[in-house]
Amino acid sequence: MTTAILECISTLSISAQQLRRLPKLVEGSLLKMPSTVKDSDVPNLFREPYIQTGYRPTDQHWKYYFLSLFQKHNESVNVWTHLLVALAVLLRFKAFVESEAFSWETLSMPLVLYVIASLTYLTCSILAHLLQSKSELAHYTFYFMDYVGVSVYQYGSSLAHYYYSSDQDWYEKAWPFFLPGAAFLGWMSCIGCCYAKYRYNRPYPVMRKICQVVPSGLAYILDISPVVHRIAACNTEDCLDRAIWFHSLQIVFFVIGAYFFSCPVPEKFFPGGCDIIGHGHQIFHVFLGLCTLSQLEAILLDYRARHEQFTARYSPELTQVSCLSFFLLILCTGMTAIYLRHRVKQKLEEKDL
């Protein structure tokens, strides 16, 4: 018995020593990675206004860009914010599925697709910010993928709002055109963002931002219209509904995030002072993540509390068609991204000749 105890203590001691050395091993491996560089050391395509340092060098091995997840650079916060939000979405939905409030039926599919859409846009964003520094072609490729993810998320949100969050008055007026319009504007959002990325070079003109913001803004206005109508029309009792509060929060968080996406603040006032943490796109990521989490909670509350209402309103057949349109949108946006990537590749090959 004593010998066994001593062997156990010896094993634990060895394990403790190995654990103590683990941070040094990780640190040592990261120290072998290339250091970040200044804006003057990377091509113009990769430079962001007022961000002067923290850029990762281009043309490194793919392993470096994956491992840069644990390195301090000017994209670190962008990656980690959406990584944490994706984990939170997954865990929250897992807990909801395991509760008695969820059942796997046709009228639950819009909720499932909304969660898939949320995870898709978050994953595409993570990959774009983590891997885009590899090369100019990789930069375009992963940002095109990011725009596909945004488009998918827009339509996934519209499905969830349409099925679970809309009032009867809004539904009777908007049901014939809402989902087709949401799908079309989601596709236009992807086309606008991809084309703006392909067409305009730094320093970007105002037209680039217009191509990005106008179709995306129109898509958002349509997608959020069931929620806005419900908030505006709620009486005293309805306004006490927790779902209403979470819907209101998602709108507030989105508007704040949209401002920081459109304007390079605060880095504009502190050039070089917000390089690693605190620049506008990072703040946009934080508020977009809060918007997604608030939206998810509101939709889950609506799904649970309004189940009888949307069960009586929607037929399984039409719900299946709506869900199939989700995958059709993925196909259309994916083909758009692939086509423009091909054009980019041709342009880059001509430049190298």
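The values are calculated or read from the model by the stated rules, or taken from the named source; none is laboratory data. Bear in mind the structure is a predicted one, so any value in this text is a computation, not a measurement. With ideal geometry, Cβ positions are generated from the backbone for all residues, glycine too; neighbour counts draw on all protein chains shown. Keep in mind that these areas ignore ligands, DNA and RNA; they rest on the heavy atoms of the full protein, side chains included. Shrake-Rupley method; radii C 1.70, N 1.55, O 1.52, S 1.80 Å.
Summary table
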item	result
Spin-label model distance (nm) - GLU172 vs GLU100, 7 Å beyond Cα toward Cβ	3.5
Cα→Cβ-extended label distance, 7 Å offset, between LEU318 and SER40, nm	6.4
Gain upon complete extension [PHE269, TRP245; 0.36 nm per residue less C-alpha separation]	5.2 nm
Cut-off 16 Å, label 7 Å out along Cα→Cβ of LEU84, residues of region 93-129 by amide N	126
Distance violations [Cα-Cα > 29 Å] among LYS72/LYS351; LYS38/LYS209; LYS32/LYS134	LYS72/LYS351
Contact order normalised by residue count of region 167-300, Cα under 8 Å, 6+ apart, percent	23
Share of carbon and sulfur in the accessible heavy-atom surface of the chain [1.4 Å probe, %]	68
Per-pair calculated FRET efficiency, R0 = 45 Å: ASN235 and LYS32 via Cβ, rounded to 0.05	0.10
Global geometry of region 109-201, whether rounded, prolate or oblate, following the gyration tensor of its Cα atoms and the 1.5 cut on a/c	oblate
Å² per residue, accessible surface of region 187-296 at 1.4 Å	49
Extension gain, ALA305 back to TYR200 (0.36 nm per residue minus Cα-Cα distance, nm)	33.1 nm
Extension gain (nm, one decimal) between TRP62 and ILE277, 0.36 nm per residue minus Cα-Cα	75.0 nm
Rounded if a/c under 1.5, otherwise prolate or oblate - region 268-339, Cα gyration tensor axes	oblate
Label assignment, Cα extents along the principal axes in Å derived from the structure, set (i) 70, 63, 38; (ii) 57, 54, 52; (iii) 75, 65, 38	(iii)
For the chain, built as a Gaussian network whose Cα springs stay under 10 Å, the top-fluctuating residue of CYS211, CYS263, CYS323	CYS263
Separation of alpha-carbon centers, region 95-112 and region 163-238, rounded to whole Å	26
